[in-house]
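The values are calculated or read from the model by the stated rules, or taken from the named source; none is laboratory data. Because the structure is predicted, anything quoted here is derived from the model rather than measured. In this analysis, Cβ positions are derived from the backbone assuming ideal geometry, glycine residues included, and neighbour counts consider all displayed protein chains. Remember, those area values only see protein heavy atoms, side chains included, never the ligands or the DNA or RNA. Shrake-Rupley method; radii C 1.70, N 1.55, O 1.52, S 1.80 Å.
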Amino acid sequence: MAALGEKNSLENLAKLKETKTKLHFYFHDNSAGKDRSVWVVAQSEITATSPTHFGLIYMVDNLMTVGPDPNSQVLGRAQGSPGFADLHNPAFALGLNFVFTEGKYKGSTISVLGRNPITEKVRELPIVGGTGVFRMARGIAITSTYYLDEATNNVILEYTLYVTHYTSV
């Protein structure tokens, strides 16, 4: 696929075919241990006393796999910044990029931006963009907590994405 900045690529954007793709994977949100992938980067002056951790912001670079086992086939990384943004209920303002480093989507990304009410069993997040195979993506990401280790706060999240994007005809 030609780079978006190339003239012929820009002229061909109108000729792309709308495609729908369903993706299913897991990511491993590790706050502790040798494979730590979650780091606190900021907090507000009320975070320590807030029942919802308001103002606590993380940066994540989580392993993304086909199955819930971290040793299952690697798809890529989930990279971004969740931050507690609700004074009354535990909920993240979440900006997250699913970066595909292996398989048929290698080199492509899907971006999610929205509210993630983490105590709800099933959450829905908007897909707001993408690159590569997922150029001009939109859709929804459905997530749930597959596993939570309360002692370490390590979490395995299950994601199903319904993506509308554009491909060459």
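What to note about this one:
- Taken over region 140-169, the criterion of being within 16 Å of the chain's Cα centre (by Cα), touching a residue at least 60 places away in the same chain (Cβ under 8 Å) and under 16 Å from PHE100 (Cβ atoms) is satisfied by TYR159, THR160, LEU161, VAL163.
- Cross-chain or 6+ apart pairs with Cβ under 8 Å, region 53-66 first and under 18 Å from LYS34 (Cα atoms), then in a loop (DSSP other than H, G, I, E, B) and open to solvent by less than 20 Å² (accessible area, probe 1.4 Å): VAL60/SER37; ASP61/SER37; ASN62/SER37; LEU63/SER37
- Among residues of region 42-64, those that are in a loop (DSSP other than H, G, I, E, B), out of contact with any Leu (no Cβ under 8 Å at 6 or more places or on another chain) and open to solvent by 40 Å² or more (accessible area, probe 1.4 Å), counted: 4
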